[in-house]
Amino acid sequence: MAAADIHIEREPSRRTSSGIGIVHLGLGAFHRAHQAVYVQRCLNRLVDDRGLDDQRRTDWGICSANIRSNRTLVEQLRQGDCRYHVAEYSDSEHVTLRDVTAISEALYAGPDGPDREALLARMSDSAVRIVMLTVTEKGYFLSPSSGELLTDAAPIVHDIANPESPETAPGMLVEALARRRAARVAPFTVLCCDNMPHNGQRTRRAVVSLARLHDEALADWIEASVAFPSSMVDRIVPAMTDADRQRLAALGVDDPAAVVCETFSQWVVEDDFPLGRPDWEADGVEMVEDVAPFETMKLRLLNGAHSLLAYLGTLAGIETVDAAVARPAFRELLRHYWHQEAIPTLSLPTGTDAGAYTDSLLARFGNDSLRHRLQQIAMDGSQKIPQRWLAGGVERSIDGADISVTALGVAGWIRYTAGTDLRGQPHPVDDPLAETFAALHRRHPDDPVALVAAFLALDAVFPAALRDDAPFHTRVVDALTIIERDGIEAAIAAMSYKNSDGKA
Ligand code: NAI
Ligand code: CS2
């Protein structure tokens, strides 16, 4: 599509010298296209309502930091005065180019970075009232299945031994809270924006558990006085590619920090901010008492479907989400997964029509202007499938219900971790447990029964109820055997549900 044929809306930012009231850990694509955009809307509205020089009210600027990787991005943002663009595609012909200046400061506080002390000082400043995070599911160092802190993980071992120079997100939070406590400054609110179940409670668990390893009193204080509201976050933001940068350049946007995303956006936040917060309701954020129904629905329906497409699609040689859902077999598989396996496990948010919600997911997945690569979604499966498939799978299997799509998904994931697709094309297996997977595949090269048993025995990933579920083992072995022998679409076609109700 030639740039000239694209309908462009421009959304300029109203820049104001706002003070910094929010620190964000994890300056990735999602942060730039989601939380920072909501804050930008808030700053724009406040400036429109009250005029540029009413400084007192715009104290919600963001200091965003990377604490592990991507120093270059921080430098690029700084070179651009922390201004960047968000290109929101509703389809390949319509894009809104949003200008964002809500990030006032960008820091690189990685182990090799210059800004760790500056970041801790910023987090200890009483003007900072909220610390948000998007550090990926693995960035909390919690066991995906039990939720316990991984005290033997090297970065956590480092932070236990060196609490004043932390390298992990939980470590940064513990040290900054320790400094505020010592200075008698009220604690900031911690707002997790990662795709984890009960993400506020999980973050609390990581922080309190780490603090308890070197300071019981500090851990008790954090437990008693720090708010960790949960939130459901939703906007599809693919990783930027050179092709994306080229198409933005064709639209006149030459910006190394730009991001591409869909127009859809949702943020549901538990309203627990003792030190205050922006009045985000006016900017489209849903402030609620209980986020759990929204979170579970989104994790099992949207993210559960994404992971099915990621493993089965990649094995079938498909590259993107839209290309996968263009295939009737994959659409049918998702519909069955949603309506027979996932939705029955949900208590839906009031007023939610599950059918309409899943139809909207299919439409969003079909947005070919996103070019959302299945490989990106396939990353960190050990951290994702417990909340996306397995929690619901356990509930269904306890009821004796059919979970054949979950079994097919697990078979596809196991095969994916071998590092090649069904044509033998290699792909990287990006996962904290990648070495474990490689060892299991080496140990059981031609024995699907032993291989599946070894994977299902991984208690970091699989809950006991599925580890001990013999019929589930058999289903996974059957699915893996068909995948290897006849391919993905044959495995989908062979699914038991096609036999039971026979309907497409
Ligand atoms: P990204 O790859 O652009 O950024 C990841 C960020 O996490 C980077 O800042 C990186 O430095 C940091 N990070 C990674 N591992 C870390 C660790 N062990 N400790 C500390 N920091 C670490 O990815 P993106 O798109 O920003 O996604 C990040 C997270 O946001 C996802 O894992 C998910 O939980 C959430 N999310 C993403 C959505 C998307 O469509 N991209 C949508 C909804 C939620
Ligand atoms: C995706 C999510 O990469 C992934 O794991 O499933 O990032 C997904 O795009 C978002 O959660 C959508 O809100």
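The values are calculated or read from the model by the stated rules, or taken from the named source; none is laboratory data. Not measured: the values here are computed from a predicted model. Heads up, the Cβs are rebuilt from the backbone with ideal geometry, glycines too, and the neighbour counts pull from every protein chain shown. Note: accessible area is taken over every heavy atom of the protein model, side chains too, but ligands, DNA and RNA are not part of it. Shrake-Rupley method; radii C 1.70, N 1.55, O 1.52, S 1.80 Å.
Which one is least open to solvent (accessible area, probe 1.4 Å), of the residues in region 210-240 that are of a type in the set (D, E, K, R) and more than 16 Å from ligand 2 (Cβ to nearest atom)?
ASP215
Any residue that is within 16 Å of ligand 1 (Cβ to nearest atom) and assigned to a strand (DSSP E or B) - is there at least one of those in region 280-300?
Yes: region 280-300 contains one or more residues that are within 16 Å of ligand 1 (Cβ to nearest atom) and assigned to a strand (DSSP E or B).
Inspect all residues belonging to region 444-458 and state whether any of them is under 26 Å from the mean Cα position of the chain (by Cα) and open to solvent by 10 Å² or more (accessible area, probe 1.4 Å). Reasoning before the result, please.
Going through region 444-458, the residues under 26 Å from the mean Cα position of the chain (by Cα) turn out to be 455-458.
With open to solvent by 10 Å² or more (accessible area, probe 1.4 Å) added as a condition, the list becomes 457-458.
Yes, region 444-458 contains at least one residue that is under 26 Å from the mean Cα position of the chain (by Cα) and open to solvent by 10 Å² or more (accessible area, probe 1.4 Å).
I'd like the residue in region 174-189 that is touching a residue at least 60 places away in the same chain (Cβ under 8 Å) and open to solvent by less than 10 Å² (accessible area, probe 1.4 Å) and, out of all such residues, is farthest from MET232 (Cα to Cα).
PHE188
Say we look at region 247-266 and pick out the residues that are β-branched (Val, Ile, Thr) and in a loop (DSSP other than H, G, I, E, B); which of these is most open to solvent (accessible area, probe 1.4 Å)?
Going through the qualifying residues, I end up with THR263.
Where in region 94-143 are there strands (runs of 3 or more DSSP E), lying wholly inside it, with at least 1 residues that are within 13 Å of ligand 1 (Cβ to nearest atom) and at negative phi?
103-108, 130-133
Looking at region 380-423 only, could you name the residues that are hydroxyl-bearing (Ser, Thr, Tyr), open to solvent by 20 Å² or more (accessible area, probe 1.4 Å) and modelled with pLDDT of 95 or more?
THR420, the sole residue that qualifies.
Please verify whether PHE437 is of a type outside the set (Ser, Thr, Tyr), more than 16 Å from ligand 1 (Cβ to nearest atom), over 21 Å from the mean Cα position of the chain (by Cα) and not assigned by TED's automatic domain parsing to the domain that holds SER145, treating the condition exactly as stated. Steps first, please.
Values: of a type outside the set (Ser, Thr, Tyr): yes; more than 16 Å from ligand 1 (Cβ to nearest atom): yes; over 21 Å from the mean Cα position of the chain (by Cα): yes; not assigned by TED's automatic domain parsing to the domain that holds SER145: yes.
So PHE437 fits the description; yes.
Among the residues of region 374-416, how many are under 20 Å from the mean Cα position of the chain (by Cα) and either farther than 23 Å from GLU435 by Cα or outside the structural domain of GLY317 (by TED's automatic domain parsing) (or both)?
Qualifying residue count, region 374-416: 2.
Which residue is most open to solvent (accessible area, probe 1.4 Å), if the candidates are limited to region 6-26 and must be away from ligand 2 (no atom under 16 Å from the Cβ), touching a strand residue (DSSP E or B) at 6+ places or on another chain (Cβ under 6 Å) and at pLDDT 95 or above?
Step by step, filter region 6-26, then rank; the result is ILE20.
Looking at (1) surrounded by fewer than 24 Cβ atoms within 10 Å (Cβ to Cβ); (2) within 16 Å of ligand 1 (Cβ to nearest atom), which one does GLY304 not meet, given that it meets all the others?
(1)
Given the criteria in a strand (DSSP E or B), at pLDDT 95 or above, within 25 Å of LEU133 (Cβ to Cβ) and not small (Gly, Ala, Ser), does VAL237 qualify?
no
Quick one: would you say ALA243 is within 16 Å of ligand 1 (Cβ to nearest atom), in contact (Cβ under 8 Å) with a residue 24 or more places away in the chain, out of contact with any Cys (no Cβ under 7 Å at 6 or more places or on another chain) and assigned to a helix (DSSP H, G or I)?
For ALA243, the condition - within 16 Å of ligand 1 (Cβ to nearest atom), in contact (Cβ under 8 Å) with a residue 24 or more places away in the chain, out of contact with any Cys (no Cβ under 7 Å at 6 or more places or on another chain) and assigned to a helix (DSSP H, G or I) - is not met.
A quick yes/no check of all residues on (1) without any contact (Cβ under 8 Å) to a residue 60 or more places away in the chain; (2) not β-branched (Val, Ile, Thr):
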site	(1), (2)
ARG235	no, yes
PRO238	no, yes
ASP254	yes, yes
SER265	no, yes
ARG277	no, yes
GLU286	yes, yes
GLU289	yes, yes
THR296	no, no
ASN303	no, yes
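Looking only at region 307-319, decide whether some residue is open to solvent by 10 Å² or more (accessible area, probe 1.4 Å) and closer than 30 Å to ALA36 by Cα.
Checking region 307-319: at least one residue is open to solvent by 10 Å² or more (accessible area, probe 1.4 Å) and closer than 30 Å to ALA36 by Cα.
Take the residues of region 469-495 that are farther than 22 Å from PHE455 by Cα and surrounded by 15 or more Cβ atoms within 10 Å (Cβ to Cβ): which is modelled with the lowest pLDDT?
Among them, the one singled out is ALA494.
Condition test on ASP220, is it part of a loop (DSSP other than H, G, I, E, B) and among the acidic types (Asp, Glu)?
Judged against the criteria, ASP220 is not a match.
Modelled with pLDDT of 95 or more, touching a helix residue (DSSP H, G or I) at 6+ places or on another chain (Cβ under 7 Å) and within 21 Å of GLY317 (Cβ to Cβ), is that true of HIS372?
yes
Any chance region 271-281 includes a residue that's basic (Lys, Arg), buried (at least 21 other Cβ atoms within 10 Å of the Cβ) and not assigned by TED's automatic domain parsing to the domain that holds SER92?
Scanning region 271-281 turns up no residue that is basic (Lys, Arg), buried (at least 21 other Cβ atoms within 10 Å of the Cβ) and not assigned by TED's automatic domain parsing to the domain that holds SER92.
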